[in-house]
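Engineer: The structure that follows is given in the form of structure tokens.
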């Protein structure tokens, strides 16, 4: 797991440059309820490249702050769109894992300040 981002690069399948570009793209994916990026909220748990039909597909594993969130599908689309807009990936699958219990300790310092959390 990358200490700075808390996101795992599974099997080191992304190059350092790819990983960095996706992390930067995720900072543009704003949670509509919180007004903070999914990256700063600590919702992204892992990134992995999977070969599918001889093409590379980026798999993104994420959690939700609240299981059963009514914006689940919208949040997946926001993440996919941000990655496809701000990185070189055009084939993206965002999977929300309901078994992951999101930990508020994953919230970045910047997001804590923005949300008024100490």
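Engineer: Which of the residues spanning the range 87-118 are within 13 Å of the chain's Cα centre (by Cα) and part of a helix (DSSP H, G or I)?
Structural biologist: The answer is 106, and nothing else.
Engineer: Continuing with the same structure: Does residue 107 meet the test of being touching a strand residue (DSSP E or B) at 6+ places or on another chain (Cβ under 7 Å) and either surrounded by 13 or more Cβ atoms within 10 Å (Cβ to Cβ) or on the phi > 0 side of the Ramachandran plot (or both)?
Structural biologist: It is false that residue 107 is touching a strand residue (DSSP E or B) at 6+ places or on another chain (Cβ under 7 Å) and either surrounded by 13 or more Cβ atoms within 10 Å (Cβ to Cβ) or on the phi > 0 side of the Ramachandran plot (or both).
Engineer: Read through the list (1) surrounded by fewer than 17 Cβ atoms within 10 Å (Cβ to Cβ); (2) touching a strand residue (DSSP E or B) at 6+ places or on another chain (Cβ under 9 Å); (3) within 19 Å of residue 9 (Cα to Cα), then give the number of the only condition that residue 72 fails.
Structural biologist: Going through (1) surrounded by fewer than 17 Cβ atoms within 10 Å (Cβ to Cβ); (2) touching a strand residue (DSSP E or B) at 6+ places or on another chain (Cβ under 9 Å); (3) within 19 Å of residue 9 (Cα to Cα) one by one, residue 72 breaks only (3).
Engineer: Further, regarding this structure: Given the conditions (1) outside any helix (DSSP H, G or I); (2) at pLDDT below 90, and given that residue 28 satisfies all but one, which numbered condition is not satisfied?
Structural biologist: Exception for residue 28: condition (2).
Engineer: To continue, here is another question. Where residues in the range 1-25 are out of contact with any strand residue (DSSP E or B) (no Cβ under 9 Å at 6 or more places or on another chain) and not in a loop (DSSP other than H, G, I, E, B), which of them is farthest from residue 81 (Cα to Cα)?
Structural biologist: Among those that are out of contact with any strand residue (DSSP E or B) (no Cβ under 9 Å at 6 or more places or on another chain) and not in a loop (DSSP other than H, G, I, E, B), it is 12.
Engineer: Within the group 85, 90, which residue is touching a residue at least 60 places away in the same chain (Cβ under 8 Å) and touching a helix residue (DSSP H, G or I) at 6+ places or on another chain (Cβ under 9 Å)?
Structural biologist: It is 85.
The values are calculated or read from the model by the stated rules, or taken from the named source; none is laboratory data. Keep in mind the model is a prediction, meaning the values are calculated, not measured. Cβ: placed from backbone, ideal geometry, glycine included. Neighbour counts: every protein chain shown.
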